[in-house]
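Participant: Quick one: structure below, then a few questions.
Laboratory data are not the source of any read-out in this text; all were calculated from the coordinates shown. All values reported here derive from a predicted model rather than from experimental measurement. Cβ placement follows ideal geometry from the backbone for every residue including glycine, while neighbour counts extend to all protein chains displayed.
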């Protein structure tokens with residue numbers, strides 16, 4: 001038990017040290033969250049705001065993003081300060097991926113099975129990439145109940161690695177959106193409500209990013 005604790009401390013220390021030294025080179029900010037929470041929409045919004053181009057394709061079909069996507073040298077500015085980083089969009093985290101879920105969206109059985117396999121590999125890869133992150137934006141759908149296994153698992157993994165994070169309560173443009181529910185569900189975390197689709201409160205998000213890093 002003692003040896004296991006020591007190993008865990010060493011792993012956490014190594015992770016912190018690696019992020020400190022990486023900050024001298026490339027800062028990585030990752031977008032993590034459950035399926036269809038709006039991660040790619042947010043990535044596209046950030047890239048359009050500062051680079052004038054989108055990052056990836058978003059869809060109502062689950063697991064549209066099944067591979068890690070990166071955009072280098074994104075520079076944001078707020079209140080006279082600036083930050084340059086590499087933005088990383090990750091596949092949606094899920095505890096269960098069933099090919100039958102894709103059939104509801106008109107995919108053929110063969111295509112649905114292939115998509116399910118790719119999505120599973122994407123989730124595994126996203127978790128592996130956590131150790132490469134200097135900060136994570138946890139993108140949650142503010143129209144849904146925030147208390148679920150996926151959200152708790154994501155936050156638990158980030159806490160275990162001591163990775164700075166900001167919870168992004170997305171879809172503020174939807175009537176049943178509730179950032180308050182997310183704040184109440186996860187007290188102790190910084191939460192900011194936005195709409196990646198319309199750009200609502202993006203200035204506040206950029207300001208919060210600069211404060212965090």
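Participant: Fewest first, what order do 85, 105 take by the number of other Cβ atoms within 10 Å?
Facilitator: Starting with the residue having the fewest Cβ neighbours, the order is 105, 85.
Participant: State the extension gain, in nm to one decimal, for the chain segment bounded by residue 159 and residue 83, taking 0.36 nm per residue of separation less the distance between their alpha-carbons.
Facilitator: Length gained between residue 159 and residue 83: 25.0 nm.
Participant: Among 154, 76, which comes first, second and so on when ranked by fewest other beta-carbon atoms within 10 Å?
Facilitator: Going from sparsest to densest Cβ surroundings: 76, 154.
Participant: Using only C-alpha positions, report the orientation-averaged shadow area of the convex hull of the range 86-171, nm², one decimal.
Facilitator: 6.4 nm²
Participant: Based on other C-beta atoms within 10 Å, arrange 32, 189, 206 from fewest to most.
Facilitator: 189, 206, 32
Participant: For residue 57 and residue 212, FRET efficiency with R0 = 35 Å and r from the beta-carbon atoms, rounded to 0.05?
Facilitator: 0.80
Participant: Also, quick follow-up: Can you tell me how much longer the chain between residue 145 and residue 110 gets when fully stretched, taken as 0.36 nm per residue apart minus their C-alpha distance, in nm with one decimal?
Facilitator: Result: 9.4 nm gained on full extension.
Participant: Turning to a different aspect of this structure: Computed from the mean reciprocal separation of all distinct C-alpha pairs, what Kirkwood hydrodynamic radius does the range 36-127 have, in Å?
Facilitator: Evaluated on the range 36-127, it is 14.4 Å.
Participant: The range 26-212: percent of C-alpha pairs farther apart than 20 Å?
Facilitator: In whole percent, the long-distance tail amounts to 52.
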